1. I'd like to verify a number: residues in segment 226-242 that are touching a helix residue (DSSP H, G or I) at 6+ places or on another chain (Cβ under 9 Å) and modelled with pLDDT of 85 or more, how many?
2. So which residues in segment 121-170 are assigned to a loop (DSSP other than H, G, I, E, B), under 17 Å from the mean Cα position of the chain (by Cα) and under 13 Å from N69 (Cα atoms)?
3. Working only within segment 207-231, note down all residues that are surrounded by 17 or more Cβ atoms within 10 Å (Cβ to Cβ) and among the polar types (S, T, N, Q).
4. List pairs: first residue in segment 237-254 and free of Cβ contacts under 8 Å to residues at least 60 places away in the same chain and on the phi < 0 side of the Ramachandran plot, second residue of a type in the set (G, A, S) and assigned to a helix (DSSP H, G or I) anywhere in the structure, Cβ distance under 8 angstrom, at least six positions apart or on different chains.
5. Give just the number: which of (1) in contact with a strand residue (DSSP E or B) (Cβ under 8 Å, 6 or more places away or on another chain); (2) surrounded by 19 or more Cβ atoms within 10 Å (Cβ to Cβ); (3) of a type outside the set (D, E); (4) assigned to a helix (DSSP H, G or I) does V43 not satisfy?
6. Suppose we filter I282, I272, I190 for residues that are in contact with a helix residue (DSSP H, G or I) (Cβ under 6 Å, 6 or more places away or on another chain), at pLDDT 95 or above and of a type in the set (V, I, T); which single one remains?
7. Quick one: D57 ticks every box in (1) in contact (Cβ under 8 Å) with a residue 24 or more places away in the chain; (2) of a type outside the set (G, A, S); (3) in a loop (DSSP other than H, G, I, E, B) bar one, so which box is it?
8. Among the residues in segment 135-143, are any assigned by TED's automatic domain parsing to the domain that holds L94, hydrophobic (A, V, I, L, M, F, W, C) and within 20 Å of K262 (Cβ to Cβ)?
Amino acid sequence: MKNLGFVIIGRNEGERLALSIDSVLRTGHSTVYVDSGSSDDSVALARARGLPVVELDPALPFTAARARNAGFHWHLRDNVQLAYVHFVDGDCELWPGWVEKALETMGTDHRLGAVCGRRRERDPDASPYNQLCDYEWDTPVGLADTVGGDALFRVAALKAVKGFDESLIAGEEPELCYRIRRRGWLIRRIGADMTIHDAAMTRFGQWWQRNRRNGYATAEALEMRGTDNAAVKREVVSNVVWGLPPMWLLWPLLWLRIWMRKDALQASYMTIGKVPHLQGQIDYWRRTRCGAKGGNPGKTRLIEYK
C-alpha cells in the first residue's frame, strides 16, 4: 500500500472537494490535500476527514503545477517506498476500481511514465458547456502525447524531469508530458473510467474564460517548444487567422469544416471559441513583451472560470 500516494489539489471547490476526498479515501492509499489559497472551508473540510494539508504560501503565485509538486514532495519526504503518485483535481471524483486497472497497466510495461483513463462530466446535460467538456475528455485510447489533471505517474519519470513547471498557469500537463516523452517514457490512455469531473459551467462567461485560459496556454506552449510541436503552431496560427474580426464573415466555412468531423454543437462553439483563444494568446504576448522591454510583466495570475 505504501508504493502509491494520492495528491488532491483544490481552491474553493466546496462540496465537490468533499466528494473528491471521500472517493480517494476509499482506496486506502496515503493521501495529501494541497490548498491554493481557498477562502471557503476547504482546508477545514480536508482536516475533518483526517487528511494532512499543505497550504501554499500566498506570497508566490498559485498554480495547479505548484500545488501538484508540493503534494508530490510531501509524499517523497515521508515515503521512501513511493513508486507511483496519482494526482486528482478537487472537482473530480475517483471512479471505483480505476486504481487497480491503472496499476495493472503500469505493471505490464516498465517504459510507461503515466497512465490515464476516461474522465467523464458529472452532468453533461446541464448546459452545452458541460457537454463540450465531456466531448473534450473523450480522447483516443492507446499511446498518447499527454494526460489531464487526473492521472497515475511513475515516480521515476517525475523525478527525471523534476516535476511540473510551476510558472505555468495552464497547460502544465502537456508541458510535463512533453519532457517525460523526451526522456524516453511512454504515456498511455486505457479504455476505463477514471474520474467524474464537475465543470459546473452554466454561463457563457465561464466558457469564455476557460477558452481564454486555453489560448494563453497555447501561446506559452509555442514559445517554449514550438519548433518541436507543429500541432501547437497550427493552433496558434488558426486562432490568429479565424479570431480576427475581418474573418468572421467566413465563419460559416469554418463551421462547416468542423461540422463534417464533429457535430453542430462542437462546430458552433469551436468556431466562436477562436475569439477567446486569440484573446488569451494576446494576453500572453502582451505580458512577455512587457518583460522583454524591461518593464514589469506583473505577477502571473490564474485565469479562473468558476
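1. 9
2. Listed by number, the residues that qualify are G149, G163, F164, D165, E166, S167, L168.
3. Q209, N211, N214, T218
4. Short answer, once both residue conditions are applied: N239/G215.
5. (2)
6. I190
7. (1)
8. Here is the first cut: in segment 135-143, the residues assigned by TED's automatic domain parsing to the domain that holds L94 are 135-143.
Subset that is hydrophobic (A, V, I, L, M, F, W, C): 137, 141, 143.
Going one step further and asking which of them are within 20 Å of K262 (Cβ to Cβ), we end up with 137, 141.
Scanning segment 135-143 turns up at least one residue that is assigned by TED's automatic domain parsing to the domain that holds L94, hydrophobic (A, V, I, L, M, F, W, C) and within 20 Å of K262 (Cβ to Cβ).
The values are calculated or read from the model by the stated rules, or taken from the named source; none is laboratory data. Values in this document were obtained by computation on a predicted structure and should not be read as measured data. When we count neighbours, we look across all protein chains shown, and the Cβ atoms used for this are built from the backbone with ideal geometry, even at glycine.
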